[in-house]
Every structure is written in C-alpha cells, then in structure tokens.
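Visitor: This structure is in structure tokens; I'll ask about it shortly.
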Amino acid sequence: MKSVRFLAGALLAMSAVLAVAASNPYGGTPGWGDIDREWGSTSAVYTSPDGTVWVAERCGENTCVGHDDLDSVFHFDADGNLLGSFGAGMIVWPHGIHLDFDGNVWVTDARGHEGKGHQVHKFSPDGELLMSLGKAGVAGDGMDEFNQPSDVLVAPDGSIFVVDGHGAEGNNRVMKFNADGEFIKTWGSTGREYGEFRDPHALAMDSKGRLFVGDRANNRVQIFDQDGNHLETWSQFGRPSGLFIDHNDILYSADSESNTTWGMNRGYARGIYIGSAFDGWVTMHIPDPNPNPDTAGTTAAEGVAVDRDGNIYGAEVGPRQIVKYSRRR
C-alpha cells in the first residue's frame with residue numbers, strides 16, 4: 001500500500017514539473033483596479049457570480065494602523081472600475097476574504113492593535129457589519145478566540161470554517177462554527193503529520209464539499225471532510241499561500257514563497273499552479289516574474305481568485321497590486 005501511495009505521489013509531483021515546463025497560456029495585466037489612491041499590500045481577492053471582484057488591501061501600506069480614514073474593502077466591475085468601498089477604521093490587517101452564497105463579504109483580520117483585530121468579520125455588500133467572530137484585539141487559543149486568523153470559508157449549509165494561526169508557530173488549527181457563529185469544533189495542532197499544520201493559510205471547497213487547506217509552511221494542501229477527517233494530502237501545488245476552486249472543480253494555488261536561496265520548498269517554482277481538484281493532476285502554471293529572488297520575501301500572487309469567464313486575479317503583498325490574468329487569444 002505504501003508503495004502505491006508513493007508512486008501516486010511521485011506521478012502527481014511530476015505533473016507539477018511538467019506543468020511548469022509547459023507553455024503558459026495566460027497574459028497578465030499588472031496594476032488592475034483603480035481605488036483613487038496608492039494600493040497597499042493585498043492577499044485578499046474573491047470573485048462574485050455576477051462577474052464582479054472584491055479585494056481587501058492594507059491602506060496604502062502593509063497595515064491599516066494609523067489610517068482609520070481609509071477604506072480597505074473594495075468592490076470592482078470586471079474592468080477594474082470601482083463600484084464601492086467600506087471598512088475604514090475597522091480592520092487592522094486584512095488578510096483573507098470570502099463571499100458567501102447570499103453575497104455577504106467575510107474578511108479576516110490577522111493582526112491586533114489597540115482593541116481591534118484577531119477577528120473574522122461578516123459584512124453586507126453595502127458594508128454593514130453583520131457579525132464578528134473572536135474577541136476584538138485579543139490573541140488567544142480559546143474556542144471563542146483567534147490568534148491571527150488567515151482565511152474564512154462559508155459552506156453551502158452556512159457552516160463557517162476559519163484557519164487560525166498565521167505563522168508556523170501559531171494556533172495551527174481549523175475552527176468550525178454554525179451559521180449563527182456558534183462554535184462547533186476544531187481540529188489540528190502544530191506538526192507535520194496528517195491533520196497537523198504549520199501556517200494554515202488558505203481555504204477552498206470543491207463541489208463534493210471537501211475542504212482544502214493550504215498548509216503553507218508544510219508545503220502542501222491537505223483535504224478534509226467537513227467533520228475534520230483527513231482525506232488526502234497533495235504536495236504538487238507548490239507552497240500554497242492562496243487557494244481557489246472554480247465551478248468546474250479546477251484548483252488554483254498561489255505560491256509566493258517557494259525559493260531555492262532561502263530554503264522554502266526547494267525544487268518548486270513560484271507562481272500560480274492550476275489543476276484538477278478531483279485527481280490532483282497539475283495542468284498549467286503561471287510563473288512568477290521573479291521566481292527566485294536572492295533575498296527573503298513574498299512576490300507575485302499570495303491570494304488568488306477566478307471569475308465566471310476564467311480570468312484569474314492574483315493579489316500581491318510585496319508588489320502591492322492586483323494582476324489580472326486572461327487567456328491569450
């Protein structure tokens with residue numbers, strides 16, 4: 001059995017190598033989206049069924065501390081025209097973003113400062129605060145607390161999933177709540193075994209209801225059922241900072257950290273990995289323009305989302321921008 005699993009894993013890893021070597025069918029448009037000021041760092045991008053795009057950015061810098069007058073959540077049409085914004089003075093460090101099936105906007109605040117942060121917020125599309133999970137400004141490991149929550153996802157039945165613990169030494173867990181925000185269960189701890197995490201950084205769900213967790217510092221994607229039972233582990237999608245699964249069950253994984261010079265996931269190229277959420281076969285790769293910088297840092301897409309027309313949006317922390325990728329004609 002172990003030999004079969006090893007062979008399967010080797011074949012899937014080879015699919016990533018082949019995808020990197022293949023031609024890239026996408027062309028990128030840097031600096032997408034106009035917010036009438038300088039962009040800050042962003043790792044948070046999500047698309048709506050109506051073809052519009054939501055982004056949370058960090059107030060022209062890499063933090064919203066000291067910028068209580070600036071909105072941090074933005075809504076765009078498909079051409080990057082600004083439709084609306086909100087969030088001024090409410091979020092310290094926007095990190096993850098998600099749209100639920102009612103069109104509500106969920107944002108994770110992955111840092112704390114003076115009574116704000118370490119929370120997950122639910123907003124109406126107009127920016128009305130509908131719910132907050134966690135204790136404002138409190139970093140903790142209780143069942144009603146977070147310590148740098150990275151991402152949030154709402155399942156079709158309304159269940160809320162949060163990956164809690166930005167950084168390899170954090171809480172390193174998945175937390176599940178019901179639609180009213182009441183705690184249901186948690187799973188995970190720090191480690192490398194199945195069901196353990198080191199910097200769980202991103203969430204996605206396929207049409208079967210399987211929960212995909214980007215276990216970034218372990219260089220892998222772990223797949224669970226909604227009760228936390230481990231199903232599979234994949235390493236062929238790079239070092240996942242961001243995950244997205246489209247309506248065709250295609251998985252997109254943003255790798256902004258793999259690097260041979262500072263020791264993060266050697267042998268993998270940075271960029272956006274694209275493949276099947278069913279069998280894990282990687283078919284395409286959009287390379288990072290600077291795939292192996294000489295110094296530590298994050299480049300190109302850290303967050304990723306795909307619209308109804310197949311355009312890919314990469315949210316970039318270091319370059320502080322959104323890049324829109326469209327298929328070349």
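Visitor: Collect the residues in the range 223-257 that are within 14 Å of the chain's Cα centre (by Cα) and over 19 Å from Met284 (Cα atoms), keeping them in residue-number order.
Guide: Across the range 223-257, there are no qualifying residues.
Visitor: Collect the residues in the range 19-75 that are among the hydrophobic types (A, V, I, L, M, F, W, C) and modelled with pLDDT under 95, keeping them in residue-number order.
Guide: Of everything in the range 19-75, those that are among the hydrophobic types (A, V, I, L, M, F, W, C) and modelled with pLDDT under 95 turn out to be Ala19, Val20, Ala21, Ala22.
Visitor: How many residues are buried (at least 24 other Cβ atoms within 10 Å of the Cβ) and in contact with a Lys or Arg (Cβ under 8 Å, 6 or more places away or on another chain) when one looks only at the range 58-90?
Guide: Total satisfying the criteria: 2.
Visitor: Look through the range 223-233, keep the residues that are assigned to a loop (DSSP other than H, G, I, E, B) and in contact (Cβ under 8 Å) with a residue 40 or more places away in the chain, and return whichever of them is surrounded by the fewest Cβ atoms within 10 Å (Cβ to Cβ).
Guide: Checking each candidate, the answer is Asp227.
Visitor: Can you tell me how many residues within the range 17-59 are assigned to a strand (DSSP E or B), within 17 Å of Ser85 (Cα to Cα) and of a type in the set (Phe, Trp, Tyr)?
Guide: 2
Visitor: Among the residues of the range 91-102, is there at least one that is touching a strand residue (DSSP E or B) at 6+ places or on another chain (Cβ under 7 Å), under 16 Å from Glu302 (Cα atoms), at pLDDT 95 or above and part of a loop (DSSP other than H, G, I, E, B)?
Guide: Yes, there is a match, as at least one residue in the range 91-102 is touching a strand residue (DSSP E or B) at 6+ places or on another chain (Cβ under 7 Å), under 16 Å from Glu302 (Cα atoms), at pLDDT 95 or above and part of a loop (DSSP other than H, G, I, E, B).
Visitor: Could you pull out the residue among Gly263, Gly314 that is farther than 23 Å from Asp79 by Cα, small (Gly, Ala, Ser) and either surrounded by fewer than 23 Cβ atoms within 10 Å (Cβ to Cβ) or at pLDDT 95 or above (or both)? Reasoning before the result, please.
Guide: Numbers: Gly314 fails: farther than 23 Å from Asp79 by Cα.
Answer to the selection: Gly263.
Visitor: Sort through Gly167, Gly117 and tell me the only one that's out of contact with any helix residue (DSSP H, G or I) (no Cβ under 7 Å at 6 or more places or on another chain), under 18 Å from Asn62 (Cα atoms) and in a strand (DSSP E or B).
Guide: Gly117
Visitor: Among the residues of the range 234-256, what is the count of those that are farther than 17 Å from Pro289 by Cα and not in a loop (DSSP other than H, G, I, E, B)?
Guide: Total satisfying the criteria: 8.
Visitor: Still on this structure, I have one more. Ile272 is checked against (1) part of a loop (DSSP other than H, G, I, E, B); (2) touching a strand residue (DSSP E or B) at 6+ places or on another chain (Cβ under 7 Å); (3) without any contact (Cβ under 8 Å) to a residue 60 or more places away in the chain; (4) more than 23 Å from Gly209 (Cβ to Cβ) and fails just one. What number does that condition carry?
Guide: With respect to (1) part of a loop (DSSP other than H, G, I, E, B); (2) touching a strand residue (DSSP E or B) at 6+ places or on another chain (Cβ under 7 Å); (3) without any contact (Cβ under 8 Å) to a residue 60 or more places away in the chain; (4) more than 23 Å from Gly209 (Cβ to Cβ), Ile272 is out only on (1).
Visitor: Separate question: Restricting the range 68-79 to residues that are out of contact with any Phe, Trp or Tyr (no Cβ under 8 Å at 6 or more places or on another chain) and either of a type in the set (A, V, I, L, M, F, W, C) or free of Cβ contacts under 8 Å to residues at least 12 places away in the same chain (or both), which is nearest to Gly318 (Cα to Cα)?
Guide: Checked the range 68-79; the qualifying residue nearest to Gly318 (Cα to Cα) is Leu70.
Visitor: Separate question: Go through the residues of the range 133-152 one by one and say whether even a single one is assigned to a strand (DSSP E or B), under 26 Å from Asp249 (Cβ atoms) and among the hydrophobic types (A, V, I, L, M, F, W, C).
Guide: yes
Visitor: Considering only the range 183-222, state which residues are surrounded by fewer than 19 Cβ atoms within 10 Å (Cβ to Cβ), over 17 Å from the mean Cα position of the chain (by Cα) and closer than 24 Å to Pro156 by Cβ.
Guide: Across the range 183-222, the qualifying residues are Phe183, Ile184, Lys185, Thr186, Trp187, Gly195, Ser207, Lys208, Gly209.
The values are calculated or read from the model by the stated rules, or taken from the named source; none is laboratory data. Since this is a predicted model, take the numbers as computed values, not measurements. Using ideal geometry, Cβ is built from the backbone for each residue, glycine included, and neighbour counts are taken over all protein chains shown.
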